[in-house]
1. Based on this model, can you work out whether A:D122 counts as out of contact with any strand residue (DSSP E or B) (no Cβ under 9 Å at 6 or more places or on another chain), charged (D, E, K, R) and on the phi > 0 side of the Ramachandran plot?
2. Please work out if A:L141 is surrounded by 13 or more Cβ atoms within 10 Å (Cβ to Cβ), away from chain B (no Cβ under 12 Å) and either more than 23 Å from A:S293 (Cβ to Cβ) or over 19 Å from the mean Cα position of the chain (by Cα) (or both).
3. Select, from B:G12, B:G34, the only residue that is closer than 30 Å to A:N97 by Cα, in contact with a strand residue (DSSP E or B) (Cβ under 6 Å, 6 or more places away or on another chain) and more than 10 Å from chain A (Cβ to nearest Cβ).
4. Specify the residue that is surrounded by the most Cβ atoms within 10 Å (Cβ to Cβ); the eligible residues are those in the range A:1-38 that are of a type in the set (G, A, S) and within 14 Å of chain B (Cβ to nearest Cβ).
5. What number of residues within the range B:216-231 are in a loop (DSSP other than H, G, I, E, B) and over 17 Å from B:K43 (Cβ atoms)?
6. How many residues, within the range B:62-82, are in a strand (DSSP E or B), acidic (D, E) and touching a residue at least 40 places away in the same chain (Cβ under 8 Å)?
7. Looking at the range B:89-98 only, could you name the residues that are among the hydrophobic types (A, V, I, L, M, F, W, C) and more than 7 Å from every other protein chain (Cβ to nearest Cβ)?
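The values are calculated or read from the model by the stated rules, or taken from the named source; none is laboratory data. Given the structure is predicted, the values throughout are model-derived calculations rather than measurements. As a convention, Cβ positions derive from the backbone with ideal geometry for all residues, glycine included, and neighbour counts pool all protein chains shown.
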Amino acid sequence: MAHPLKGHFRKSLLAFAGLTLVTAVISLSLGSVSIPYKDIVKILLSRIPLIGEFFPEHTGPESIIILKIRLPRILLGLIAGISLSVSGSSMQGVFKNPMASPFILGVSAGGAFGAAVGIFFDLPWYLLPLIAFIFAMVTMLTVFFLGRVRGRTDISTLLLAGLAMNFLMTALTSLILFYSDPAERMSIVAWTWGSLSGTVWNEIWISLPVMVLGSGAVYAYSRDLNVIQTGETSAKQLGIEVEKTKIIQLITSSLLAAVVISFTGVIGFVGLIIPHASRLLVGPDHRKLIPISALLGGTFLMVCDAASRMSGEIWVGVITGLFGAPFFIYLLIRNRGETGW
Amino acid sequence: MVMIRLDEVTTGYKEKKPVLKELNLAMEEDQFIGVVGPNGSGKSTLVKCITRVLDPWEGTVKLDGEDISGLSRKQIAKTAAVVPQDTFISFPYSAKEVVLMGRSPYLGRFENYDEKDQKIAERAMKNTQTYRFRERKINELSGGEMQRVIVARALTQEPDLLLLDEATSHLDIGHKKEIMDTIKEKNEKEDLSVLSVHHNLNLAARYCDKILLLDEGEKHAFGRPEKVLTNSHLRAVYGIEAEVHEHPKDGSLYVSPVDKHVSSESKEKTVHVICGGGSANTLLKDLVEEGYEITAGVLNVMDSDFEKADFLDIETVTEAPFSSITERSHEKNLQMIKDADILLVTDFPVGDGNRKNIEAVEEGVRKFDKEVLLIDPENISDRDYTSDETASRTYDEIIDEEGVYAVKSTKKVFRALLNFSTGGKR
């Protein structure tokens, strides 16, 4: 059954938004200290301007647990899930290939190398996101400029350049691992599998506007992305500024991914399977695919992070893989024989 | 009104390798023009040029009176729509979604398809018999269905000009006719101008008011089908012998190639090559590899063509370095011409020193009745350095003789050779 929700886009969008919200509230209740839903809602509402007037301010330890520890973490999970899924949808569109991921231009390998450098040289912890971000962007821009052929962005050259830079940065990271002591090794490996623990509000204030603006830019060019699927020459002849669309999509999606992984470490698989799953639900039209991917990705990562918290902080990238890969295989089996993802 | 005007357009993909050369073209509104020519003659490049996918290096392209270098992609797409040879789409869009993409040039960034857009797409789908599978996935359609969807998308652009780039070459004869008939009807009833690139000469002859025959990026002929699809044009451009007939039913033209030879026989023929100055550089080797028996003359020792011939063990009449051809060598040369089946004359530079080679060509034609293939006789004057322009005059005299053929460049020699009848006396 292809695209079961295709004809019901608005309803699906609403339903998924509700699902995201419910998942967030349930996640807030999970943890070593159990807090009743009633209190969670009260604590949250008391913090909202105007409405908050009607609720007495909560000051107990529950309030601190919810507002200082759980809420930022869950929000970053939501933001990361949205950013990575939107980024993946865009990359798969630009590359016209369902195998493309947010990390195709080397963002994750570059970021991991940056983090490894930071850990190896004992940089203060608050500088790790910065150095990871710098290396992620440098790697991405190198790949991007290698892929420029006579003033145009050549997709197959870009793919190969990305492959090469991914290998190079991974090899450099392993070189650092080789010379590291066991504690540093553990930290580096942990970074390459990602974690949302210890999220602080400042991370939200940076990643939230990037997510909003980035997703907005990707969405603004989503119809152009549809037309590009029928071939770049044809798209030009249909009035699409192909080169501009590709540059905006590639740079924005890499930036989306780079910012979140700088805070969380590399969380794989979300940006690959969520666009897939969404495409199976609503079809390949990017105007529908991108919003649905965002909600599904945000929900998925919050669930995975909840699992991570409940299991003694197993790296969240491990959980996305453990959940995601079997689901992916299931979709694969179910859709064998059907053409086109 | 002029729909397309090309002024001295030169363009291509690689530097210094122009695909279109100083091309001029004026296409009137409401016309149905066919573009034909061999592979690599620049047909598809012309379509890319008209839609500004490829910018001209020199010259200007005007669409509906406006220079396209000043138009936005959307503006161009509102005037001209293209149906390419094939389209590959990796994600499963429905046929209707693909057709609606034809409205792209009319929509703002955040605008969605409205009622009117839907209506236009629907009408185009009904016109192309694609409406009934509008909800099917595009990558599950057959080649013919898919191509009709792409035609529907082009019509949804509501263009004044439709450009077909070998749009029907993958389709079976029934679908070919169906699509071309639909488009012809739009041309006649709705004043849609059509420029259609064809591989198939008969399809071009059948549907087009005028035909542009391209040869290596240059306009070889342009006009009504019966003026363009003639035996002599086809021989010059395609290197084929063809018969052009009138269709008994509707009077349209059709072309059928004539086989005068069996190719394996022709390869045992002896070809005498008159060359010099490096003009036969790769040709000699290729001829030997193709299995022809080769002789060559008269070449000065140390000439690069001589070195090539010597290396390939080709029997060659030679002359001392830097000296004029003597009577003795000239006679040997004539003997070889007499013994050969075909005389091949390259585009070598002629001076007073080797003018006897041109005399030999003339004797080959007049005295020995040989079949002669001249490479690029049109530009003989550019390489004629004789004091009295002997070479140019001789070429003028022999060019229309029976048995004398011409090709534009060395590239075309092989195809032309295959079409020589028997060799020797006619």
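1. Working: out of contact with any strand residue (DSSP E or B) (no Cβ under 9 Å at 6 or more places or on another chain): yes; charged (D, E, K, R): yes; on the phi > 0 side of the Ramachandran plot: yes.
Considered against the rule, which asks whether it is out of contact with any strand residue (DSSP E or B) (no Cβ under 9 Å at 6 or more places or on another chain), charged (D, E, K, R) and on the phi > 0 side of the Ramachandran plot, A:D122 comes out as yes.
2. Taking the combined requirement at face value, the residue satisfies it.
3. On the way: B:G34 fails: closer than 30 Å to A:N97 by Cα.
It is B:G12.
4. Our first condition is that a residue be of a type in the set (G, A, S); within the range A:1-38, this holds for A:2, A:7, A:12, A:15, A:17-18, A:24, A:27, A:29, A:31-32, A:34.
Restricting the remaining residues to those that are within 14 Å of chain B (Cβ to nearest Cβ) gives A:2, A:7.
On the way: A:A2: 15, A:G7: 11.
Here the residue is A:A2.
5. Of the range B:216-231, the ones in a loop (DSSP other than H, G, I, E, B) are B:216-217, B:224, B:229-230.
With over 17 Å from B:K43 (Cβ atoms) added as a condition, the list becomes B:224, B:230.
Residues flagged as in a loop (DSSP other than H, G, I, E, B) and over 17 Å from B:K43 (Cβ atoms) within the range B:216-231 amount to 2.
6. Initial filter on the range B:62-82 (in a strand (DSSP E or B)): B:62-63, B:66-67, B:80-82.
Pick out the ones that are also acidic (D, E) and you get B:66-67.
Then drop every residue that is not touching a residue at least 40 places away in the same chain (Cβ under 8 Å), which leaves none.
Count: 0.
7. From the range B:89-98, those among the hydrophobic types (A, V, I, L, M, F, W, C) are B:89, B:91, B:95, B:98; that's our starting set.
The one that is among the hydrophobic types (A, V, I, L, M, F, W, C) and more than 7 Å from every other protein chain (Cβ to nearest Cβ): B:A95.
One line per residue, one yes/no per condition, for (1) surrounded by fewer than 23 Cβ atoms within 10 Å (Cβ to Cβ); (2) of a type in the set (D, E, K, R):
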position: B:S90; (1), (2): yes, no
position: B:V98; (1), (2): no, no
position: B:E111; (1), (2): yes, yes
position: B:D117; (1), (2): yes, yes
position: B:I120; (1), (2): yes, no
position: B:N127; (1), (2): yes, no
